[in-house]
Every structure is written in structure tokens, then in C-alpha cells.
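Have a look at the structure below, then the notes.
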Ligand SMILES: [Cu+2]
């Protein structure tokens, strides 16, 4: 749990407390239907907020995020409903269940950066429960004589604005951290990294494990040296062969049997690493394969894209 998650969950807890206190103070002013409506609105929005947050946080474990979010939604909805009576409790519980479930599913499916705005939207909707209560509390047919009543919503709004701006600052840090983690993991997960050692050479690292290449696509630039490394993690031998127009290879002893012009061939025995350098001279899409019998057929094939 990062700062951001704690910020949102803490806000929800605080909000629940405020809503319950306000509901207890004003409960005589609400009719049953209004109490039900408030509980429903509050339970649903708290469930949705917590759901999206936890769904994103625990992506890949929808069961956990759903159970937790439904629990939070039910807790908020029923606590709010308790102030108004049994019907409101039921309404709050059902809305909390539904909000938590839908929120978790939503969180599971969207990206972290997309979740931020949704969480904020639902958080604002949850906060607006207080406004709804203030509006519903106003007796029907009552006319507003002075402009004093404006003070309350204005002060409430400014408190909310400060709160949300403060929250945004935390959010930015959170997104930056996540973005950093993402780019880091992206870097290590895809073993094919086209990074330039200097301005001229491009490093490509390809692994073979469980009869598969670690990537199905290699992107390189034309007329720039490509340093290709094949790391064989399997117990059987693998190789890589690419028929691509290229400059003659000058890799000396490391270079195995790529004597044929325009054929890149790199062979790695079990648990070994081999490297060669070549320079593609024409852009296009070329197939790379493992020439060990049966390997290509079982999926050891990919594309080299020269641009
Ligand atoms: Cu193979």
C-alpha cells in the first residue's frame, strides 16, 4: 500500500465518520425515502472509489480486490443507513456490494494512470453526499430569504478544493513512482532492448527458454551496427538465423557459420551465450528462426524489423 492508497482509503474513512455524524444530527429532518437515497448514494460511491483503487492496486487478484471493496462499500452504506432505519441499512448494503464489485472489475481492467481520474471522480461523488444531505434537509416549500445560506456550500467547496489539490500532489508523486517502476520493469522484462552503446551500435539481447525466444519482434535501425546476443537458457541447443541484407560480418572466432552472405547465423549450445555484430543495410521486415529441426514449427520464429 502506497501513500496514495492510504490517502484515498483514509479519506473514505473520514468521510464516513462525517456522514454518520451529520446523519445523526439531521436524522429527524429526513423521511424514510430520503434516508434510503442517501445511504444508497453513499454506499455505492464509496464502493466504487474503493473498488477502482483496490482493483488497480491488486491487478491480477480480482477476488481479493472484489471482497475488500465490497466490504468497504457495505460498511460505509450500512453505517450511513443505521442512522435512518432498517430499510436504509438494506439499501446501503446492497449499493455497497454493487459499487464495490463494479469498481473492482473496472480497476482490474484499466491502466494505473487511467484509474487516477476515475478514483478522483468517485471520491468527489462520495464527498458530495454531504451536499445531497444539505439539500435534502431543506424543508420543502421553504423559501430562501437571505444569502447567508450560500456561506455553507462555499466554505465546504473551498475545503474540498484544498483537499483535492492536496490529494493531487500526492497523486503526481504516486504516478511518477509507478511510471518509473513500469519503465524499469519494462526494461528488464523485455530482454530485447535496443539501446545504443554509443551513437552507432545497437544492443539486442535475445534469450531462449522453454523452446521460445524471449521476444517475437526485434526493432533495429538501418545502417547501424547491431550487436546480437543469444543466451540459451534451455538444456537443448538453439540458434537464430536471419536472412537480411547486411554488411559482411567481422566477428572473428565468435562467429560460427554465418559465412554465407546476407545470412546471420548465431548458434548457442545449452546454457551458453553467443554474440555477433552485423549491420543491416536495407529496411524491411525479415523473419528470424531457429534452424534446429522442429523448433521453428513449435514457435521459435519472430520478426526483425529494420527501419
Ligand atoms: Cu531451437
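Arranged from fewest to most other beta-carbon atoms within 10 Å of their beta carbon, 58, 41, 163 become 163, 58, 41. Of the residues 88, 157, the one with the fewest other Cβ atoms within 10 Å heads the list, and the complete ranking is 157, 88. Residues 275, 49, ranked from the fewest to the most other C-beta atoms within 10 Å, line up as 275, 49.
Read the figures in this text as sums done on the coordinates, not as results from a lab. Keep in mind that this is a model prediction, so the values were computed, not measured. Don't worry about glycine lacking a Cβ; one is built from the backbone with ideal geometry, like all the others, and counts go over all protein chains shown.
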